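The values are calculated or read from the model by the stated rules, or taken from the named source; none is laboratory data. None of these values were measured; they are calculated from a predicted model. For neighbour counting, all protein chains shown are included, and Cβ atoms are generated from backbone atoms with ideal geometry for every residue, glycine included. Accessible surface areas use protein heavy atoms only, side chains included; no ligands, DNA or RNA. Shrake-Rupley method; radii C 1.70, N 1.55, O 1.52, S 1.80 Å.
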Amino acid sequence: MTTVPLPTADTRWRCTLCGNLTRFDVTRSSKVVEYVHLDLSGEPKVEEREVLSETIESVRCRWCNAVDQIELVDKPGVES
């Protein structure tokens, strides 16, 4: 399993096989702490969420179904 880096303010994902820049299925594992408020009828609502850790396990291209063939590329207008 290869960890796929998260895009930054200056980068985005791109499928190396088909060139897709916009549609991906992302599988991630997260460890979070949530503040859950239950109303009087018992319906829960998450009012605060703190992500303690998060790992992207895989990224699949929605266009060509390639798995883990994703790279980070610069966004338009960003110089390397």
Legend entry - residue 21-residue 45 FRET efficiency (beta carbon distance; Förster radius 35 Å; 0.05 resolution): 0.50
Inset, instruction - Would you mind getting me the FRET efficiency between residue 65 and residue 30? Use the beta-carbon distance for r and R0 = 25 Å, nearest 0.05. - result: 0.55
Legend entry - Accessible area expressed per residue, the chain, with surrounding protein chains retained (probe 1.4 Å, Å²): 76
Legend entry - Heavy-atom accessible surface of the chain: percent carbon and sulfur, 1.4 Å: 48
Inset, instruction - May I ask you to give the average projected area over all directions of the convex hull of the Cα atoms of the chain, in nm² rounded to one decimal? - result: 7.7
Inset, instruction - Note down the net charge around residue 45, summing +1 for each Lys or Arg and -1 for each Asp or Glu among other residues with Cβ under 14 Å from its Cβ. - result: -4
